[in-house]
Amino acid sequence: MTVFFIGAGPGDPDLITVKGAKLVERCPVILYAGSLVPKAVIQRAHPDAQVHNSADMDLDEITKVYTDAFENGQDVARVQTGDLSIYSSLAEQTRRLNKLGIDWKVIPGVSSFQASAAALGQELTLPEECQTIILSRASGRTPVPDKENLKSLAKHEATLCLFLSATLIRKVVRELSDVYPQNWPVAVVEKASHPEQRILRGTLADIADKMHEANIRSTAMIIVSKVFAIDDFVDSKLYDPTFSHACRKAKVVELEKEISNEQR
Ligand code: SAH
């Protein structure tokens, strides 16, 4: 018996992995995070499967679903939003399972920051301009360690993807304004990959008002990055004709070899 932690993806039921979908189809017990995992993902379940919604359960109640299934020798599909590596409470659940001697495995999913980048049609790294993405959140009811405060993260000028921060947008803007000019670009994607997806583009100067006007308060990704404003970046090395890598030899280097052979 195994508990499979499955990343359900950002909302579109087709964005679960094939592996995750197959497990949802075959596991006799399903426990899904009803607040964000769409019903369509769970509709793949076998008609006889026991389906539980974890939205109003606490950790003890969730653990009880696992221990009951363990006693019955039934695999569990534990379906959660996005990918399990980010704000998923995976660690506290697996710590309990380890203590109980129950096997578990993680099946990755498409995270909402990736779905948001896709909705924006935006590569979040650009050659020689920005090579780092920071995934974080604003500090609110859930504290963030002071060493990870937004001001210090912003100093890197990396692409900043903020989860769980929509209601804290004014605080986010205040903190980032200590480091960036007011025209620093910000995009917000609400419900990326859902039919009702909405996109806002703005700057530190206007994004909070735009979010307020649009009444965007949850299930939103805030992406703060200069990449939205850079058009004149250089081409990457990946497809550069003068650059060799494991899969392709540089054409120019080959040409140089030919010339030196001819000269010999
Ligand atoms: N593990 C999830 C994140 C869970 S935390 C993942 O990998 O995506 C919940 C936060 O994720 C929300 O507050 C919001 O910031 C973000 N989020 C989840 N689904 C989203 C979606 N479809 N569009 C935009 N943001 C989303």
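The values are calculated or read from the model by the stated rules, or taken from the named source; none is laboratory data. All figures in this text were calculated on a predicted structure; none of them were measured in a lab. Using ideal geometry, Cβ is built from the backbone for each residue, glycine included, and neighbour counts are taken over all protein chains shown. Each accessible area value is taken on the protein alone, full model and side chains, heavy atoms only, with ligands, DNA and RNA left out. Shrake-Rupley method; radii C 1.70, N 1.55, O 1.52, S 1.80 Å.
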Practice item. Sort out which residues of the range 213-231 are part of a helix (DSSP H, G or I) and either touching a His at 6+ places or on another chain (Cβ under 6 Å) or touching a residue at least 12 places away in the same chain (Cβ under 8 Å) (or both), and write them in order of number. Key: A214, K226, V227, F228, A229
Practice item. Among the candidates L162, L153, L135, single out the residue that is crowded, with 19+ Cβ neighbours inside 10 Å and outside any helix (DSSP H, G or I). Key: L162
Revision key, fill the gap. Out of (1) modelled with pLDDT of 95 or more; (2) in contact with a Phe, Trp or Tyr (Cβ under 8 Å, 6 or more places away or on another chain), the one P127 does not meet is (1)
Exercise for review: Output the residues belonging to the range 96-132 that are outside the structural domain of V189 (by TED's automatic domain parsing), away from the ligand (no atom under 16 Å from the Cβ) and at negative phi.
Suggested key: R96, L97, N98, K99, L100, I102, D103, W104, K105
Exercise for review: Kindly provide the set of residues from the range 165-192 that are closer than 10 Å to T203 by Cα and of a type in the set (G, A, S), ordered by number.
Suggested key: A187
**Study point:** L168 being within 16 Å of the ligand (Cβ to nearest atom), under 17 Å from V189 (Cβ atoms) and more than 15 Å from the chain's Cα centre (by Cα)
**Key:** yes
Practice item. Report yes if some residue within the range 174-183 is within 15 Å of the ligand (Cβ to nearest atom) and either within 20 Å of S112 (Cα to Cα) or among the aromatic types (F, W, Y) (or both); otherwise report no. Key: no
Practice item. Being part of a helix (DSSP H, G or I) and either open to solvent by 40 Å² or more (accessible area, probe 1.4 Å) or in the same structural domain as D14 (by TED's automatic domain parsing) (or both) is the filter; apply it to the range 138-150 and report the residue that is nearest to G11 (Cα to Cα). Key: E148
Review point. Looking at the range 193-209, which of the residues that are within 18 Å of I169 (Cα to Cα) and in contact (Cβ under 8 Å) with a residue 24 or more places away in the chain is farthest from the ligand (Cβ to nearest atom)?
Key: L204
Study note, to complete from the structure: Scanning the range 206-230 for residues that are over 21 Å from the mean Cα position of the chain (by Cα) and exposed (fewer than 15 other Cβ atoms within 10 Å of the Cβ), the one modelled with the lowest pLDDT turns out to be I230
